[in-house]
Amino acid sequence: MSLPVQPILQTMAQTGLSHSCINDVVIQNGVTTNQTNNKAATGEEIPQNIIISARSQYGLPEDAVIYCNFNQLYKIDPQTLHMWIEILKQVPDGVLWLLRFPAVGETNVLQTAANAGLSPGRIIFSPVAPKEEHVRRGQLADVCLDTPLCNGHTTGMDVLWAGTPMVTLLDFGTVGETLASRVASSQLNTLGCPELIAKTSEDYIRIASKLGTDKAHLQAMRAKVWKARLTSPLFNCKTYARNMELLYRKMWQKYVNGEEASHIVDTSRHRKAL
């Protein structure tokens, strides 16, 4: 196989580890990489008439604190599931809302929860939904619990756009060693909500439990996330595109000057010149 002579630019391609790489330049932000992966939740068409979501549609208790995670179940490792179980034990009126994705994982999750002493009915499963419904029903949850080993990527963006706070764990000693485990921290930092990033598993449980037991704190955090959607750079496509253009210009200038590829840390200072 012959490769192009000129350097290859890669962005938003994959988040996993690779033992081989034919790409010369990978674009990332300061914490990890850019947040979307272009994978739709399903291939189903969105109906033209949109119906307002209600908790009753999904078998969710109206008066409960709803913790959610809409990732595929393979992202839930035993330590993460036990953290979630501990959170539910500390929040008596809390329930955990997961996707039946895949269906075979439901049995394993429920059995593990039962073995840990969690009463039946505290974990509720729903099927995968079309993209529009998937994003819209995220508003029904109070808090999203991220999966630390492999974060929610597009799923994290979806739930934050719905205005639901997301708690994640960034511990460089254990789970923070891969790009896929730093995406949610990047999203929350960009959104201006670093207080939702835990440093330890105990911190993760504490942050999530406080959101479930302190109603005023939960309301304040939900209001902050809802407002930040429109004021932070996270969902600002124009700013994102402009910054990408600045990176391209700077990389091209390095190439024209005959310089070797190197990190470009800050493009904001070049805005006026370009």
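Could you please let me know if MET244 is surrounded by 15 or more Cβ atoms within 10 Å (Cβ to Cβ), among the aliphatic types (A, V, I, L, M) and in a helix (DSSP H, G or I)?
Details: surrounded by 15 or more Cβ atoms within 10 Å (Cβ to Cβ): no; among the aliphatic types (A, V, I, L, M): yes; in a helix (DSSP H, G or I): yes.
No, not satisfied.
Being touching a residue at least 12 places away in the same chain (Cβ under 8 Å) and among the aliphatic types (A, V, I, L, M) is the filter; apply it to region 247-263 and report the residue that is surrounded by the fewest Cβ atoms within 10 Å (Cβ to Cβ).
Per the stated criteria, the residue is ALA261.
Is one or more of the residues making up region 77-92 of a type outside the set (A, V, I, L, M, F, W, C), modelled with pLDDT under 95 and more than 17 Å from the chain's Cα centre (by Cα)?
So far as region 77-92 goes, no, none of its residues is of a type outside the set (A, V, I, L, M, F, W, C), modelled with pLDDT under 95 and more than 17 Å from the chain's Cα centre (by Cα).
Return a yes/no flag: does region 99-114 have any residue that is crowded, with 22+ Cβ neighbours inside 10 Å and under 18 Å from MET221 (Cβ atoms).
First pass over region 99-114, keeping only residues crowded, with 22+ Cβ neighbours inside 10 Å: 99.
Now narrow it down to the ones that are under 18 Å from MET221 (Cβ atoms): none.
No, region 99-114 has no match at all.
Return the residues of region 110-138 that are of a type in the set (Val, Ile, Thr) and under 21 Å from the mean Cα position of the chain (by Cα); say none if nothing qualifies.
First, the residues of region 110-138 that are of a type in the set (Val, Ile, Thr): 112, 123-124, 128, 135.
Selection gives ILE123, ILE124, VAL128, VAL135.
Would you tally the residues in region 86-98 being buried (at least 17 other Cβ atoms within 10 Å of the Cβ) and in contact (Cβ under 8 Å) with a residue 40 or more places away in the chain? Spell out how you get there, then give the answer.
The initial filter retains those residues of region 86-98 that are buried (at least 17 other Cβ atoms within 10 Å of the Cβ), namely 86-88, 91, 94-98.
With in contact (Cβ under 8 Å) with a residue 40 or more places away in the chain added as a condition, the list becomes 86-87, 91, 94, 96-97.
So the answer is 6.
Among the residues that make up region 122-131, is at least one of them in contact (Cβ under 8 Å) with a residue 40 or more places away in the chain and part of a helix (DSSP H, G or I)?
yes
Tell me, which residue of region 214-239 that is loosely packed, with under 15 Cβ neighbours inside 10 Å and hydroxyl-bearing (Ser, Thr, Tyr) is modelled with the highest pLDDT?
Across region 214-239, the extreme among qualifying residues is THR231.
Out of the residues in region 167-197 that are hydrophobic (A, V, I, L, M, F, W, C) and part of a helix (DSSP H, G or I), which is nearest to THR239 (Cα to Cα)? Write out each step before concluding.
To start, the set of residues in region 167-197 that are hydrophobic (A, V, I, L, M, F, W, C) comprises 167, 169-170, 172, 175, 179-180, 183-184, 188, 191, 193, 196-197.
Cutting the leftovers down to part of a helix (DSSP H, G or I) gives us 175, 179-180, 183-184, 188, 191, 196.
Details: VAL175: 30, LEU179: 23, ALA180: 24, VAL183: 19, ALA184: 20, LEU188: 17, LEU191: 14, LEU196: 24 Å.
Residue satisfying both the conditions and the ranking: LEU191.
Could you go through region 120-130 and let me know if any residue there is over 26 Å from LEU230 (Cα atoms) and in contact with a Ser or Thr (Cβ under 8 Å, 6 or more places away or on another chain). It would help to see each step written out before you state the result.
Keep residues of region 120-130 that are over 26 Å from LEU230 (Cα atoms), which gives 120-128.
From what is left, the residues that are in contact with a Ser or Thr (Cβ under 8 Å, 6 or more places away or on another chain) are 128.
Yes.
The values are calculated or read from the model by the stated rules, or taken from the named source; none is laboratory data. This one's a predicted model, so the numbers in the text were calculated from it and none came from an experiment. Don't worry about glycine lacking a Cβ; one is built from the backbone with ideal geometry, like all the others, and counts go over all protein chains shown.
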